Each structure stands twice: as structure tokens, then as C-alpha cells.
Number of protein chains: 2
Amino acid sequence: MINIAIMGFGVVGSGVAETIRLNNEAFAKRMEGVTLNVKYILDLREFPDHPLGDRVVHEITPILEDRDVTIVVETMGGTVPAYDFSKKAILAGKSVVTSNKEVVAKHGAELQRLARENGVSYLFEASVGGGIPIIRPMWQCLASNQVESVTGILNGTCNYILTKMERDKEDFSTALKQAQELGYAEKNPAADVEGHDTCRKISILASLAYGKTVSNEDVLCEGITEIMYEDLLYARNNGYSVKLLGRAKKDAHDGKVYVLTAPHLVPETNALAGVNDVYNGISVVGNVVGDVLFCGRGAGSMPTASAVMADVLDVVRDCKKFIGWDEEKADFLGDVNKNVTASYIRTKASKQAVISAFGNVAVTEMAGYCMFMTEEMSDMDLAVKIKSLGEETVRIRIMK
Amino acid sequence: MINIAIMGFGVVGSGVAETIRLNNEAFAKRMEGVTLNVKYILDLREFPDHPLGDRVVHEITPILEDRDVTIVVETMGGTVPAYDFSKKAILAGKSVVTSNKEVVAKHGAELQRLARENGVSYLFEASVGGGIPIIRPMWQCLASNQVESVTGILNGTCNYILTKMERDKEDFSTALKQAQELGYAEKNPAADVEGHDTCRKISILASLAYGKTVSNEDVLCEGITEIMYEDLLYARNNGYSVKLLGRAKKDAHDGKVYVLTAPHLVPETNALAGVNDVYNGISVVGNVVGDVLFCGRGAGSMPTASAVMADVLDVVRDCKKFIGWDEEKADFLGDVNKNVTASYIRTKASKQAVISAFGNVAVTEMAGYCMFMTEEMSDMDLAVKIKSLGEETVRIRIMK
């Protein structure tokens, strides 16, 4: 019997306990009879009505001191005290499995190193893409590739909102409200809709793909709060779907890696355009395999618990391994403002002003706005032209 | 330095050599300086102009006797002599990595057991889905799930032909000929277009998912040779796309697993409907994670080599592990003829004959055929009705 402790008994932590209850027999079959036992649940709250209510502790000390506990599941969210607790658990000789993207994005490399030094594992499959296996396939199956790009719809809340806005012809705030009522969005939705969650996840994937720490603070981050229904309609009429993407791309010419988080018009011919609702989709292009796409539920209690459990079972099988990247700060990041890209523009400026700034582009007039697509140009050049319009203007990148 | 031998220097084997040449430096970085060396190439032919031409041997003995060779890559195809050679290599204490679905489908469980007994690995990521990571994600990441179903577009040749028939309004034989000219189909295309290749692959996935040997000989196997352009047109007009699917599904009521290979009308709302050309797509439904989809190039030299190399690097990292299933024959297979499903029917019988057999169904008349969709019924019931039509009749299952 393997004893585990769950730190943080919220949506994901309780899903982990439920997964163990549901599938413990099936696990045992695959693991030569070994079963899992949730010995401790660390939470500030009490859960008197939960079958595991008697396992609840309010301090980490008993977990750290109990040598029978070999695996700690960290599903707390936030960096304080999750980072400190994870570190303590690793230093106490326990493997740590986490779904916490904040900790992985900020302290992942350090915890990976400490785990290595202490002969344990620090695994984080659940930190990106919910239940979709992505960290391990990228690390392991694509080990034989040099990664040319990673492009992902990484936030289920944003994807749900964008899908709903288009389908139900709603504005952003109405769709957000419904997402909150359904539990798909937090009461304070900023981390999702302003792109920070996506930004952390693409930073993790970029770190993994290119081997050094890409800090989300160095990654351009735009959200979806300015998007209107009319933008989605214009996009659809022109063969595109609007998606919030995290992108990391190695430029073949200068060798730099360009990482950003921003909404994009994705051509309908691209499989990511068909990833809707709360689903996530991640496309990886390798120099040998070509493009591979992974899709599935990117969030939610059980899908995320599924990924956590995959890591737990990996530790149980004692297949010790290092998955991760250097603590050293990435020195290969390019300036995304120099990226050359076509854009969709919506502006309150007049058609005449548009044509005088952008030349003879095809302008659609809708809901008091002029909408059009630009040629490919750098962000710096685009900024000059947008400024010359002198009116409220929204820009969305067009993915090739 | 790790020495490997490549058995079979055809499309995949030479892709493996090329991948090592391209990415050896990158491998070394991930493997603490270890590099790979192709010490032997076993093939009946000579390759005097290839940079590795001097490594060619025509017998397996030197490979078996060379203790410096720790990994053997088997990319021969067919079971003779690939099965025998793989067994000998394992018994000689070498890990074997294969792309050979015939051997894996027929002898996989035995070779997995022998590898385990001899402290080496038998890995076969490349046997299904080409470059798409699917074996390892199913085994590892979805370890925490009980698999409810696996549904896959597993043969790139068939998918290319079906895509081309619809896009270019061609009949089957014209599209096949083009596929052959482009190298997507073999001169003798039977294994692909009659469904045998798909059947072997779904048998491998079903064995992996449910733990005992599902023999492809026990799996119903229908190909795409009878499909006409008009079937694809009818399907599209009704919101479907026609795909050759391998399916394995555990029935929640009787606990049986139903496995089959057959073309299906796939609803356009299902992501598999959007997997076109030579791409493969595999959808796995787990009881915890929900549905997860993997897509990518399902065949070709480099994508398949990518999957082979992932296994090779796994062995190099010395993460010894068992991936596989029991040699015992599956005792859980249900009779697919008892499956209840709706169908699309194309028949030379008259509209009146159709309505007298199937009731008041909506009949489309095209190209001298009556086309319609049936209610859900068992294959046995359907067979009786089709027989009563007394004319040439083609049936394609409709996926829910």
C-alpha cells in the first residue's frame, strides 16, 4: 500500500480522492497489487461529511514527519504556501505531484532540481491542459524532435466564452456571466479572461520545449475582454474562428524563440479552429514528426485529477525520472514586437481614415465600426498606423 | 555512446537513421552527453551510396553476438522473419523497438513477456498512429482511467483516398491510383483499403486498453472498396463525413468489449470528422478524463521514425518498463452483430421496395440508387431487411 497526502481539498484535490476511490481496483491490477491510500488531507477547512473527513489535518508537519507518506499531491493553487510546502515535502524525501501552474511557472525549475537532488520526482502533467496528456508526450514521445512551435488553446473558460458569444450572438459580459453561473469561470475572472492563465501555461510549455526558464512576466499577454460579437461574426464570414492562443515559435532564421499570449483569427482549415467550448487543444510541430494535435477537456475536477493520478502512478511504478528545464533564465527570447503578422482591425475611425492609413484595404462597416484585414507588417509599423487613426481601435492577430 | 542496430532499412528504418543524424546533438543534451551510434544495418540489400553503407550486414548473428549493441530497432514489416529476429534479440539481452504492427498484433504479448523476463524492453509506439504519441499516453497518462472506448482513423491511405474522392468528386479507383502515384498507397493496396491494417491497429489498442490479447482475426473487418463518391456526397449533404474507423467500446451494461473495423458516417460535430488527408486521429474516452483526441501524421518515414526514436530514447534513459497486455486470449469480446446502430443504405432496389422493407424513410435518389438512413437496429435485423431488397445494396454504419 502506498500512502499519499493531498494538500488542498478543493475541486482538483477532491477529484483525486474520488478517482482513487473509483479506480483503485483497476490501479492495483496494473501495479502488481499495490493500492493507494489517502492518509492525509491538508486543508484549513473541516470536511465532517466526507468519507475521508477523518484524514484532514491543518498543518503540514504530520505529513512531513510521517515516513510512510511517499507521495504528496499539491492541489492548492497559488504560490503561497504551495511553493513552500512543496519544497518542504521534497526536502523530506517525498515525491510531489502538482496541478498548480503558478508554482510550476514560477518555481518549477528549482523544485525539479531539488527533486533530482533528493532522489524523488516533481511531476506536473496536470498544470497544463487539464486531463490532456501533454507534458509527458512533449517530453518523452517528442524527445526525438526539435520543437519548431507550440500553439495552444490553453484556457477552457476563454474558449467557452468565445464559443458562446459566437453561437448565441452575445456580448462578452453576458457570456462571462453565464460561464460564472455554470462554474466555468471564477468570480474574479481576471486570471482567465486577461490571459494570465494562458500565459503561465505557454511559459511552462516553452520552458519544457526549449530547455530554460521562460518567465511568464517576459511574455506578452493580451486577453479577450475587448472582443465583441461582431469581431467573431466578421471572422466567421471570412473563414476564421477567434481563439485565445498561447504561442511559442522558434524562428528558423535568427534562432530566437517568440512567445506570446493573444487572441488570434485562426483559419477554419486549422484543426484548432474546431476546438470549441471548454475544450483545450495543443498543436506541437516537431522537426521529425511534423504536426501533432492533442485535444480534450482542459479543466474541471475529474479531467485534472486524471492527469494528477497519471503522475502519481508513474511515481508508484518507481520510474524515477526528471522532466523539466534549467533554472537559468531563457536567453533565447525574441522581441515579439518585431514579429511580422497580418491583423484584423476594428476601429471607430472613418473608412477614409482607414484607407489613408492602410491603403486600399477591403473595409466592412458594421455596428458603427470599420473592420478590415491588414497586410503582414511588424507590430511597430502597425502601432504607428493605428495611432494615426486617432480613434478607439482593436487589433487581433491573424494566424497563418 | 549507445550502439543500436536497425533491422530493415526501408522507409522507416532509413528515417530512423536520418533522425539520429539530424538530432543526435539535441539527444545528447537531454541524455547527459550520451550519443547514439548506428553500428549495424540488417538488410538483404547493399546501400553503397549511403553514408552508413559500411554498417550493412545480411545476417542477424553479428548483431546478436555483439554485446555493445543494446538496442535493436525492428522496422522490417511482416512477421517473417521479424518475429523470429525480435525474439532472438530479446533473448540475447537486447531491448527491441518496433514499428511493426503485424508482429505486435500477433506476437506482442509474448515478446512483451520475454522482454520482461530478460530485463529488457519491447516497445512499439510506432506500430499505431505513426508519429502520434498514443501507446504511451494511453498506457501512462490514462493509467488513472478505465477506458470506455477507443475510436480511431488509423490508416492514412484510406483517409487520403476518402478525402480525395470527396474533394475531387472521384471514384474509388481513380483516387487509389493517385494515392499509389504519390506513394501513399502500396502497389498491392489490399492491406490498407480492405481494412486489415486498421484492424490490426485497433486490435493492438483494444489489447492495451482492456489487458488481454484481442486477435485481429476475431475482429469484424470491412474496408472502403465499395464506397462511391455519391455516398460521400449524400453523407456531406446530411451533415456527415465518411471515415474508416477502428472502434473498441466497453458496454456499460454487459461489460463486454465490442471491437470492429468499418467505414462510418461520422457527424461533422465530431472532431474525427475534421481529420482529413493522410492524417490519423484517435479518440480515447476514459471514465475520469472524459474524451481526449490525438491527431497527426499516421504514416510516412519521418513521423514513424519519430515514434521509434521516442522508444529508443526511453530505453536509453533506462526507464525500464513494461507496456503491454496478457498473452491470454481476450474473453471479454461481445458479438458486434448484436450491436444496435443506425445505418446509411445505398441500394439498386426501388423506392417502393425500400419503403416496404424499412417503412417510411426519407429516400434520396441519385445515380440510379436509392439512399436513406435507417433507424437503430441490430446487424441481424438489418441483414434480414437488406436481403428482402434483393438487389445490390451497400451499408455504412452511422456513428452517434
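Going by the structure shown, is A:L64 hydrophobic (A, V, I, L, M, F, W, C) and surrounded by 18 or more Cβ atoms within 10 Å (Cβ to Cβ)? Against the criterion (hydrophobic (A, V, I, L, M, F, W, C) and surrounded by 18 or more Cβ atoms within 10 Å (Cβ to Cβ)), A:L64 qualifies. Out of A:C221, A:C199, one residue alone is touching a His at 6+ places or on another chain (Cβ under 7 Å) and more than 14 Å from chain B (Cβ to nearest Cβ). It is A:C221.
Check whether at least one residue in the stretch A:288-295 is within 19 Å of B:G296 (Cβ to Cβ), part of a loop (DSSP other than H, G, I, E, B) and of a type outside the set (F, W, Y), and report yes or no. Full working, then the answer.
Going through the stretch A:288-295, the residues within 19 Å of B:G296 (Cβ to Cβ) turn out to be A:288-295.
Among the residues that remain, those that are also part of a loop (DSSP other than H, G, I, E, B) are: A:288-289.
Still in the running and of a type outside the set (F, W, Y): A:288-289.
Looking for residues that are within 19 Å of B:G296 (Cβ to Cβ), part of a loop (DSSP other than H, G, I, E, B) and of a type outside the set (F, W, Y), one finds at least one in the stretch A:288-295, hence yes.
As a summary of the residue check, A:P263 satisfies the conditions (1) surrounded by fewer than 20 Cβ atoms within 10 Å (Cβ to Cβ); (2) modelled with pLDDT of 95 or more except for the one numbered (1). All of (1) out of contact with any Lys or Arg (no Cβ under 6 Å at 6 or more places or on another chain); (2) surrounded by fewer than 20 Cβ atoms within 10 Å (Cβ to Cβ) hold for B:K250 with one exception: (2). Only one entry of A:A299, A:A362 meets the criterion of being modelled with pLDDT under 95 and either of a type in the set (S, T, Y) or over 21 Å from A:V257 (Cβ atoms) (or both), and that entry is A:A299. Residues that are assigned to a strand (DSSP E or B) and over 30 Å from B:V72 (Cα atoms): does the stretch B:225-239 have at least one? No: zero hits. For A:G93, the stated conditions do not hold, so it cannot be described as within 21 Å of A:S14 (Cβ to Cβ) and assigned to a loop (DSSP other than H, G, I, E, B). I need the full set of residues from the stretch A:286-324 which are within 30 Å of B:L22 (Cβ to Cβ), more than 7 Å from chain B (Cβ to nearest Cβ) and crowded, with 20+ Cβ neighbours inside 10 Å, in order please. Across the stretch A:286-324, the qualifying residues are A:I323, A:G324.
Can you tell me which of A:A126, A:A105, A:A115 is assigned to a helix (DSSP H, G or I) and within 13 Å of chain B (Cβ to nearest Cβ)?
A:A126
Of the listed requirements (1) closer than 26 Å to B:N270 by Cβ; (2) away from chain B (no Cβ under 14 Å), A:K249 misses just one: (1). Beta carbons closer than 9 Å, at least 6 apart along the sequence or on distinct chains, pair a first residue in the stretch A:296-309 that is assigned to a strand (DSSP E or B) with a second that is among the aromatic types (F, W, Y) for A:G296/A:Y279; A:R297/A:Y279. Looking only at the stretch A:157-187, filter to residues that are of a type in the set (D, E) and surrounded by 15 or more Cβ atoms within 10 Å (Cβ to Cβ); which one of those is nearest to A:V275 (Cα to Cα)? Ranking the candidates gives A:E166 first. Considered as a group, the residues in the stretch A:352-380 that are in a helix (DSSP H, G or I) and surrounded by 13 or more Cβ atoms within 10 Å (Cβ to Cβ) include one that is nearest to the chain's Cα centre (by Cα), and that residue is A:D379. Test A:T347 against the stated conditions and say whether it is facing chain B (nearest Cβ under 10 Å) and in contact with a Ser or Thr (Cβ under 6 Å, 6 or more places away or on another chain). Answer is no for this residue. Checking the structure you have, find out if any residue of the stretch B:122-139 is under 15 Å from the mean Cα position of the chain (by Cα), at negative phi and of a type in the set (D, E). Yes, that holds for at least one residue.
Within the stretch A:185-202, residues that are in contact (Cβ under 8 Å) with a residue 12 or more places away in the chain reach partners that are surrounded by fewer than 20 Cβ atoms within 10 Å (Cβ to Cβ) and in a loop (DSSP other than H, G, I, E, B) with beta carbons closer than 7 Å, at six or more positions or on different chains, in the pairs A:D192/A:E186; A:V193/A:T225; A:E194/A:T225; A:G195/A:E222. Can you tell me which of A:F27, A:F85 is more than 12 Å from chain B (Cβ to nearest Cβ) and touching a residue at least 60 places away in the same chain (Cβ under 8 Å)? Going through A:F27, A:F85 in turn, just one is more than 12 Å from chain B (Cβ to nearest Cβ) and touching a residue at least 60 places away in the same chain (Cβ under 8 Å): A:F85. Residues that are under 19 Å from the mean Cα position of the chain (by Cα) and without any contact (Cβ under 8 Å) to a residue 60 or more places away in the chain are absent from the stretch B:157-168 altogether. Applying the set (1) buried (at least 24 other Cβ atoms within 10 Å of the Cβ); (2) in contact with a Ser or Thr (Cβ under 7 Å, 6 or more places away or on another chain); (3) not in a helix (DSSP H, G or I) to B:V120 leaves exactly one unmet item: (1).
Within the stretch B:138-156, the set of residues being surrounded by 24 or more Cβ atoms within 10 Å (Cβ to Cβ), modelled with pLDDT of 95 or more and among the hydroxyl-bearing types (S, T, Y) comprises just one member, B:T151.
Are any of the residues in the stretch A:266-280 in contact (Cβ under 8 Å) with a residue 60 or more places away in the chain, assigned to a strand (DSSP E or B) and more than 15 Å from the chain's Cα centre (by Cα)?
Pass one, the stretch A:266-280, residues in contact (Cβ under 8 Å) with a residue 60 or more places away in the chain: A:266-267, A:270, A:272, A:275-280.
Still in the list and also assigned to a strand (DSSP E or B): A:266-267, A:279-280.
Those left that are additionally more than 15 Å from the chain's Cα centre (by Cα): A:266-267.
The answer is yes; a qualifying residue exists.
Inside the stretch A:245-265, can you point out the residues that are among the hydrophobic types (A, V, I, L, M, F, W, C) and either under 16 Å from the mean Cα position of the chain (by Cα) or part of a strand (DSSP E or B) (or both)? Residues satisfying the conditions are A:L245, A:A248, A:V257, A:V259, A:L260, A:A262, A:L265.
Looking at B:I323, B:I396, B:I386, which one is among the β-branched types (V, I, T), touching a Pro at 6+ places or on another chain (Cβ under 8 Å) and on the phi < 0 side of the Ramachandran plot?
One residue alone meets the criteria, B:I396.
Listed conditions (1) more than 10 Å from chain A (Cβ to nearest Cβ); (2) hydroxyl-bearing (S, T, Y); (3) under 30 Å from B:M1 (Cα atoms) are all met by B:S241, apart from (3).
The values are calculated or read from the model by the stated rules, or taken from the named source; none is laboratory data. Remember, predicted model here, so these are calculated numbers, not experimental data. So basically every Cβ, Gly included, is an ideal-geometry build from the backbone, and we count neighbours across all protein chains shown.
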